[in-house]
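Take a look at the structure below.
The values are calculated or read from the model by the stated rules, or taken from the named source; none is laboratory data. No experiment lies behind these values; they were computed from the predicted model shown. Counting neighbours? That spans all protein chains shown, and the Cβs are built from the backbone with ideal geometry, glycine included.
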Amino acid sequence: MLAQSGADVAVAARSEEEVERVAEEVRGVGRRALAVACDVASYDARQRMVERTIGELGRGSTSWSTTPGGGEDRSSLGERSARWTHTISVNLVGVYYCCRRRCRR
């Protein structure tokens, strides 16, 4: 865990309950934690999350991990294609824009 290595951590996900649970784990090892309920598929939501993180925790190192979807895929080819596009948008494009926003501050 990043916090065990001395990092303050911002946790972002759609579920407020989940991010708060993880943030409490971080606080439990004596580090600062920011819990942000955020749909990282949304450009505007990502920008607000980055701004809030920098405002509250500073410009330290940043790490993201996202895992949309899950489970067995029994959808049609068109649905799988749309899901793949969404996954790339969140995991690649979303992280890129968060990094770009952070670096421009």
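Being in contact with a strand residue (DSSP E or B) (Cβ under 6 Å, 6 or more places away or on another chain) and at pLDDT 80 or above is a property that does not hold for ALA37. Filtering the range 16-48 to residues that are in a helix (DSSP H, G or I), under 23 Å from GLN4 (Cα atoms) and of a type outside the set (Gly, Ala, Ser) leaves GLU16, GLU17, GLU18, VAL19, GLU20, ARG21, VAL22, GLU24, GLU25, VAL26, ARG27. The residue list GLU56, GLU79 contains one member that is at pLDDT 80 or above, in a helix (DSSP H, G or I) and of a type in the set (D, E, K, R), which is GLU56.
So, of the residues in the range 1-55 that are touching a Lys or Arg at 6+ places or on another chain (Cβ under 6 Å) and of a type outside the set (A, V, I, L, M, F, W, C), which turns out to be farthest from ASN91 (Cα to Cα)? It comes out as ASP8.
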